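Just below is one structure, and these are the notes that go with it.
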Amino acid sequence: MSVQQDRARITRMIQISDTAQTHFRKLIERESAPGMGVRLSASEPGTPRADVRLEFAEPADLIGDEWAVDCDGFTLYVAATSVAWLDGAEIDYVTQAAGSQQLTIKAPKIKGEAPAESASIVERVRWVIENEINPQLASHGGRVAVQEVSADGVVLLRFGGGCHGCGMADVTLKQGIEKTLMGRVPGITAVRDATDHETGQAPYIPRDGAG
């Protein structure tokens, strides 16, 4: 694929509005730094923590494998390792109802895509854990990890963080995690806890204080 084709492809993949281009151009002009552009990359792609990182970059800051897109008065550089995750991204600079202006970045693929029905049970279980269950447990400083998925559909989990040693871990497992997994992943027959809760260092609710 030629350089021209590469640029045409990335231009189709990432849309940057005229207002956003004008915003960036004005900021770059204030810096008066020759060759300064905007670098776009994905941080922790494929996970619930995924985010878009946007920064001003001078030529010396570039790695060298970035995909370059010519914009109005500057160049947008996209990290090569982030191209697939930023497919379909939209960058805009919009005026809010109160009159304030805000830069918005939407990247629909950055957190990954749910496994297809043809994917293994393990893949689907890990997806639900990372994208649905752990974000909820994070509010209590907790998390779970998949230790094993048996051939007969039994999921073995280990609790961590605030859930390790928590007096409500059993309730969380049966009323929350198990119901979610069995409802979202066909073939799951049970979910069990493999955690040694006696070794928990900072439980959200101490086990001896559970009501």
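The values are calculated or read from the model by the stated rules, or taken from the named source; none is laboratory data. None of the values given here were measured: they were computed from a predicted structure. Glycine gets a Cβ as well: all are built from the backbone with ideal geometry, and neighbour counts include every protein chain shown. Only protein heavy atoms, including side chains, enter the accessible area calculation; ligands, DNA and RNA are left aside. Shrake-Rupley method; radii C 1.70, N 1.55, O 1.52, S 1.80 Å.
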Mean-position separation - Cα centroids, region 45-124 and region 146-197, in angstrom: 33 Å
Using +1 at the Cβ of each Lys and Arg and -1 at the Cβ of each Asp and Glu in region 41-128, identify which of 119, 75, 108 lies farthest towards the dipole's positive end. 119
Accessible surface of the chain [probe 1.4 Å, protein heavy atoms]: carbon and sulfur percent: 48 percent
Quick check: from the Cα gyration tensor, does region 6-127 come out rounded (a/c under 1.5), prolate or oblate? prolate
Against the rule of thumb 2.2 N^0.38 Å, how large the Cα Rg of region 109-176 comes out: 1.17
Using bins 5 angstrom wide from zero, how does P(r) for the chain break down, in % of all Cα pairs? 1, 6, 12, 13, 12, 10, 9, 9, 9, 9, 6, 3, 1, 0
Expressed as a whole-number percentage, the relative contact order of region 5-139 with C-alpha contacts under 8 angstrom and at least six residues apart is 27 percent
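Work out the FRET efficiency for residue 30 and residue 138 from their Cβ-Cβ distance, taking R0 = 45 Å, and round it to the nearest 0.05. Walk me through the numbers before you get to the answer.
On the way: r = 38 Å, r/R0 = 0.86.
Efficiency for this residue pair is about 0.70.
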Which value, in Å², gives the accessible area per residue of the chain when a 1.4 Å probe is used on the protein heavy atoms? 57 Å²
For residue 106, list the aspartates and glutamates whose Cα falls under 14 Å from its own Cα; do not include residues on the same chain fewer than 8 positions away. 51, 87, 90, 92
From DSSP H assignment alone, runs of 4+ in the chain each adding -39500 (n - 2.57), the sum over residues rounded to the nearest 500 puts [θ] at 222 nm at -6000 deg cm²/dmol
Spelling out what I want: for every residue of region 153-165, take phi, set θ = phi - 60°, compute 6.51 cos²θ - 1.76 cosθ + 1.60 (Karplus), and round to whole Hz; glycine and proline get x. x, 8, 9, 10, 10, 10, 7, x, x, x, 7, 7, x
So for R0 = 25 Å, FRET eff. of residue 197-residue 122 from the Cβ-Cβ r, to 0.05, ends up at 0.55
To the nearest 10 degrees, the tilt of helix 3-13 (Cα long axis) against the first principal axis of the alpha carbons of the chain is 50 degrees
When the charge dipole of region 2-156 is computed with +1 at the Cβ of Lys and Arg and -1 at the Cβ of Asp and Glu, the Cα pointing farthest to the positive end, of 22, 54, 97, is that of 97
Simple Cβ-charge dipole of the chain, Lys/Arg +1 and Asp/Glu -1, about Cα centre, in debye nearest 20: 360 debye
